[in-house]
1. Label the range 1-76 by shape, choosing from rounded, prolate and oblate, from the square roots a ≥ b ≥ c of the eigenvalues of the Cα gyration tensor; if a/c is under 1.5 it is rounded, and otherwise prolate applies when a/b is larger than b/c, oblate when it is not.
2. Tell me, what is a quarter of the convex hull surface for the C-alpha atoms of the range 96-209, in nm² with one decimal?
3. If you average the sequence gap of Cα pairs under 8 Å that are 6 or more apart and divide by the length of the range 3-343, what percent do you get for the contact order?
4. What is the sum of charges around residue 284, taking Lys and Arg as +1, Asp and Glu as -1, for the other residues whose C-beta is under 15 Å from the C-beta of residue 284?
5. Sorting 80, 19, 96, 172 on the 10 Å Cβ count, fewest up front, what's the list?
6. Using the number of other C-beta atoms within 10 angstrom as an exposure proxy, rank 263, 9, 56 with the fewest first.
7. Hey, what number do you get for the chain at 222 nm if only DSSP H runs of n ≥ 4 count, each worth -39500 (n - 2.57), divided across all residues, to the nearest 500?
8. Based on the Cβ-Cβ distance from residue 284 to residue 219, what FRET efficiency comes out when R0 is 45 Å, to the nearest 0.05?
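Read the figures in this text as sums done on the coordinates, not as results from a lab. What you are looking at is a predicted structure, and each value in this text was computed from that prediction instead of being measured. Cβ: placed from backbone, ideal geometry, glycine included. Neighbour counts: every protein chain shown.
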Amino acid sequence: MSFIREMISKTPDERRAVDRKYDFLLRLHGRNGEKALALAEAPRIDDGYFGPDSISWKVYENVLVAGIGAMSGLFMAMLDPVGAYGVGQHTVYYYDTLGRMRRSLLFFAGAVFGDSATADKVGRDLFRKHAHVNGEIPATGEEFRANHVEALKFTYVTGWALLWRAYKTYGDPNATEDDERQFYAEQHIVAELLGIPAGELPLTPEAVQAWVNDAEQNTMAFTRPAQEILDFLTAPPWTPVWPLGALNLFVRMFFWSSVPLLSPYVREIGGLANIPLRTKLSSAVIAQAAKLATHPIVDHLIVPFVGYEMWGYAHNALRHTPETGRVPFTHNPGLALQHGKGGTLQEANR
């Protein structure tokens, strides 16, 4: 049983006492460690939209599982031929790899582990940042907007399937079909917080797979930006020494371990179909690392380095969730965001 799973079985007072025993390790992270602790001890108004009994807590509690989902999801997003050029013109992954991953994990951790106010806030913040991610396909002049509903759907629906496979492979091989159904039923909340209106998303494993199959046949394409991000993920540069040199092997193994999670079609168009040695070796290393990732010492010492916000939100949930039950999710934030500033439906309000 993971550290966080074991902690959830304790009373709130017991959780706080046990978790705080390792807080001295956060001070090794300097200012970011202090920020992580401040988030962990921040006041909390409710259980949020998920809570301790959700499958989403189990999936996102392991930073390695979430990181594999984030990294392979980045590659999948680049298979949207319209989105690839827009994202390619704005991505900072090539020179701010750790920061890019940290910001992705921040949103997911805030949405899943945060109280309802935090979840709404991280969704609004990321939506506003995406409002500036716009571009043009050079060959056609077609406009790309990151907040367009179809662009968001492509990224998150294809990403869900990968995240679930990562959890099943590296998090909990005993996860059941019922767990998978609960996961997809919960994940629409995360997507709506980011700007997808209610009713736009597939909500069952069968519906998600059908959506992905259709995207493979009618949408996905291996464009130049997709090749560029693939080159970076499979052979990142060694300079500058920080961060790329230090993260080089980490990035390679993370991506190679995600390759078996990709569909045969995606592996084929990406030229990733016949690389068994690298994928098996990387998968074996990541599988062992995932077992260690939720140990309290590793959790307090390593996870804040990857993302102090993710650590802070997760531990705030452990320490201060009032256990009053999930907050009903009825306010359709995706539609409100799309009709507001930076959205793609503002014209409907005029």
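1. Values: a/c = 1.75, a/b = 1.20, b/c = 1.46.
Oblate shape, in that a/c is at least 1.5 and b/c is the bigger or equal ratio.
2. Numbers: hull surface 34.7 nm².
Taking the Cα atoms of the range 96-209, their convex hull projects to 8.7 nm² on average.
3. Details: 511 pairs, mean separation 122.5, N = 341.
Dividing the mean separation by the residue count of the range 3-343 yields 36 percent.
4. On the way: positive: 252, 278, 280, 291; negative: none.
Computed value for this residue: +4.
5. Values: 80 25, 19 20, 96 14, 172 17.
Ranking 80, 19, 96, 172 by Cβ neighbours within 10 Å, fewest first, gives 96, 172, 19, 80.
6. Numbers: 263 18, 9 10, 56 22.
Neighbour counts put them in this order, fewest first: 9, 263, 56.
7. On the way: 18 runs with 213 residues, N = 350.
Calculated at 222 nm, the ellipticity per residue is -19000 deg cm²/dmol.
8. Working: r = 33 Å, r/R0 = 0.74.
With R0 = 45 Å, the Cβ-Cβ based efficiency is 0.85.
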